[in-house]
1. Could you check GLY95 against (1) in contact with a Cys (Cβ under 9 Å, 6 or more places away or on another chain); (2) among the small types (Gly, Ala, Ser); (3) modelled with pLDDT under 90 and say which number it fails?
2. Quick one: GLU47 ticks every box in (1) surrounded by 22 or more Cβ atoms within 10 Å (Cβ to Cβ); (2) modelled with pLDDT of 90 or more except a single one, so which number is it?
3. Residues of region 166-182 being under 16 Å from LEU36 (Cα atoms) and of a type in the set (Lys, Arg), which ones?
4. Condition first: more than 24 Å from ARG110 (Cα to Cα), within 20 Å of the chain's Cα centre (by Cα) and among the hydrophobic types (A, V, I, L, M, F, W, C). Now tell me which residues in region 169-192 satisfy that.
5. Looking at region 50-80, which of the residues that are acidic (Asp, Glu) and surrounded by fewer than 21 Cβ atoms within 10 Å (Cβ to Cβ) is nearest to the chain's Cα centre (by Cα)?
6. Contact list please: Cβ distance under 8 Å, first residue in region 170-185 and on the phi < 0 side of the Ramachandran plot and assigned to a loop (DSSP other than H, G, I, E, B), second residue loosely packed, with under 15 Cβ neighbours inside 10 Å and of a type in the set (D, E, K, R), pairs at least six apart or on different chains.
7. Name the residue that is nearest to PRO137 (Cα to Cα), counting only residues in region 57-92 that are among the aliphatic types (A, V, I, L, M), modelled with pLDDT of 80 or more and part of a loop (DSSP other than H, G, I, E, B).
Amino acid sequence: MSDEEVIHVPCTEQRLEDRSEENKRRVESISTADLLSWSFQVARGMEYLVSRRVLHGDLAARNILLADDDVVKICDFGLAKRTYHIENYKKTSDGPLPVKWMAIESIRDRVFSSQSDVWSFGIVLWELFSLAKIPYPGMEADENLFAKLENGYRMEAPEYSNPAIYKIMLDCWSTNPMNRPTFSELSERLGLLLEDSVRTHYIKLNDPYLMMNAQRVEDKKNDYLTMMTPPSFQQLSSPQNIETVSPTGYVKMGAQESLQRKETKICYVNMKSEENQN
């Protein structure tokens with residue numbers, strides 16, 4: 001994905017994790033409907049990215065912005081652009097990665113896919129419904145955390161979630177990537193928890209952008225993206241190495257011998273794999 005193919009939208013509002021953190025001090029100003037609305041919008045945004053063969057790779061509350069009228073913007077596509085634009089991008093052996101947001105297979109094998117983005121989305125839900133607590137509170141992002149995850153450990157339900165939301169989180173954290181819901185399924189499940197008027201409102205907000213993007217696709221039928229398959233875990237093809245940055249929440253994987261067994265790989269498979277699950 002080249003810079004010319006990205007629509008840059010200026011956004012002066014705060015990060016979603018900052019808004020949730022602020023509301024810890026005034027919980028009365030935020031409602032479950034707000035949290036559901038933000039979650040629904042993130043799922044819808046990720047559903048669109050999957051449809052355009054885009055792997056985010058660093059989905060977290062810190063990379064989600066809240067604009068005017070509580071409209072959510074997914075940001076930080078540095079990894080996504082490199083994933084699709086550079087065929088053999090080299091990752092340094094001690095490159096930092098956001099371990100607490102990563103799926104088991106991503107920590108173990110450095111494999112990233114739309115299914116690992118779903119795992120990260122489950123962590124985002126936990127962040128939202130805990131009002132911006134750090135995932136796995138009191139635990140270090142090291143081999144002990146990885147061992148616990150492999151043995152079936154999952155975080156408890158956050159304080160402001162309900163059984164339906166927590167079930168979605170647990171489904172996102174399935175050990176088998178192919179057992180995780182797709183973003184289309186997540187959008188539908190979260191949408192059913194919203195009032196019809198709220199759900200319809202945010203869907204209508206997307207219409208102008210969808211029309212604009214549809215025209216761009218029509219104008220570039222033979223562009224690089226349209227010829228690629230979506231990044232799914234089901235079948236490996238063209239593994240790639242990637243580089244990441246190191247803000248808060250990232251650790252250098254090279255510091256943990258047990259967590260650096262394999263190189264980073266990005267998965268691409270038959271386009272039908274995601275479509276058949278929708």
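1. (1)
2. (1)
3. LYS167
4. Across region 169-192, the qualifying residues are LEU186, LEU190.
5. Checking each candidate, the answer is ASP76.
6. From residues that are on the phi < 0 side of the Ramachandran plot and assigned to a loop (DSSP other than H, G, I, E, B), the pairs are THR175/GLU150.
7. Per the stated criteria, the residue is ALA60.
The values are calculated or read from the model by the stated rules, or taken from the named source; none is laboratory data. Everything numeric here is computed off the predicted structure, so don't read it as measured data. Positions of Cβ are generated from backbone atoms using ideal geometry, with glycine treated the same way; all protein chains shown enter the neighbour counts.
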